[in-house]
Amino acid sequence: MTTILEPVDQSSKNSIKRIVSTFSWRQNLIYVGFAVIFVLFSITLNDRGFLTSDNLLNIVRQTSTISVMAVGVVFVIAAAQIDLSVGATAGLASVTTAMTINSVGLVPGIVAGLATGVIVGLLNGFFVSVVGVPSFLATLGMLGMAQGAAMWITGAAPQAINDLDFTFLFGDSNIGPIPGLLLWTLLIVLIGHFGLRRTGFGRQVLATGGNSKAAAFSGVHTKRVVFLVLLLSSVLAALAGMLYAGRFHTGSYNTGTGDELSVIAAVILGGTSLFGGRASVVGALLGSLMIGLLNNGLILMGLDSAQQQVARGAIIILAVAVTARRRV
């Protein structure tokens, strides 16, 4: 009996060793980290309601806007650029949507919100790909301009939205037990994943970020690619601002303030190379959910806001540092 089982056990051990030795821990850090944090909070915070469906769905609602913005920023960072204006663009789109709905109606309000993203994206794309301003500086300037414009046109006053059709479509609805925000998130993630992995444009983005000179020699119009990814990022940021407005029934100039840091952290956590050329839309979604898990878990642990900031910042820096060390 023993002589038969020993070779089998040894073979199984060898197979496990081969799997462990070939598994890329750094490349799959987001999946491992997400699983570890989820299991840890499930065990330690189970008696405080962490695993209840209401709590888990609340995490999805809170991270949906970050996830939508992250899809656009995945394309930007994959092309070796950066967009710091996504949070301010979301705030500006939320107030233009609210003010237009209150003045003219639902459809013009939706068009105004998306047009805000298009205008910001065109300006970002023009200054970066045509004028040659580094994307860090161009989008940092746009951050200030968008926040200032939102404060200017509203007088820094929140703009209430009373149109129930808008709040139903953009964030305040449930399809059965499923939040509408989750459906928006899944739709954008699926389109983004397909666009990055299955289209010629996605391959051009990765080629531009991996080696722009080589991409240009092979026929890729790299400046046009950079222009389009910045435009895409701003339009998705504007959509996120409309989801904010729909969820809170209000447009406000400070909507999305500081979101750019969470979005970039989610994208890098998700496996997108900070230096371009490698990206994952699904990974960015998990990175966003991981940040949501951390926020939720730290609150349930009873930490005050200052302690939450310290713990959250330390965990994100550690994870991003480990992920960003691998340059493609």
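Between the helical axis of 2-22 and the longest alpha-carbon principal axis of the chain there is an angle of about 30 degrees. Working note: Karplus 6.51/-1.76/1.60 with θ = phi - 60° gives segment 285-291 the couplings 4, 5, x, 5, 5, 5, 4 Hz, where Gly and Pro are set to x. A full extension of the chain between L40 and Q308 corresponds to an added length of 94.8 nm, given 0.36 nm per residue minus the alpha carbon distance. The calculated Kirkwood hydrodynamic radius for the chain is 20.9 Å, given to one decimal from all distinct C-alpha pairs. Ranking H193, A156, Y244 by how far each Cα lies toward the positive end of the dipole of the chain (charges on Cβ) leaves H193 at the top.
For the chain, the longest principal axis of the C-alpha atoms and the axis of helix 86-103 are separated by about 40°.
Per residue, segment 250-291 exposes an accessible area of 26 Å² to a 1.4 Å probe, with every protein chain left in place. Amide H to amide H distances under 5 Å link T250 with I161, where only residues 5 or more positions off or on other chains count and H is placed in the peptide plane. When +1 charges are put on Lys and Arg Cβ atoms and -1 charges on Asp and Glu Cβ atoms, the dipole computed for the chain relative to its Cα centre reaches about 1320 debye. The portion of the accessible surface of the chain made up by carbon and sulfur, rounded to a whole percent, is 67 (1.4 Å probe; DNA, RNA and ligands excluded).
Using alpha carbons only, how many degrees (0 to 90, rounded to 10) separate the axis of helix 180-198 from the longest principal axis of the chain? Computed tilt is about 70 degrees.
Of the residues S135, A112, G72, the one whose Cα sits farthest toward the positive end of the charge dipole of segment 46-197, with +1 on the Cβ of Lys and Arg and -1 on the Cβ of Asp and Glu, is S135.
A Gaussian network model of the chain, with springs between Cα atoms under 10 Å, assigns the largest mean-square fluctuation among G91, G113, G141 to G141. Here's the picture: charge each Lys and Arg Cβ at +1 and each Asp and Glu Cβ at -1 in segment 204-328, and of S233, T255, Q307 the one pushed furthest to the positive end of that dipole is S233.
The values are calculated or read from the model by the stated rules, or taken from the named source; none is laboratory data. The model shown is predicted, which means the values in this text are computed figures rather than measured ones. So basically every Cβ, Gly included, is an ideal-geometry build from the backbone, and we count neighbours across all protein chains shown. When the accessible area is computed, the model is the full protein with side chains, heavy atoms only, and any ligands, DNA or RNA have been set aside. Shrake-Rupley method; radii C 1.70, N 1.55, O 1.52, S 1.80 Å.
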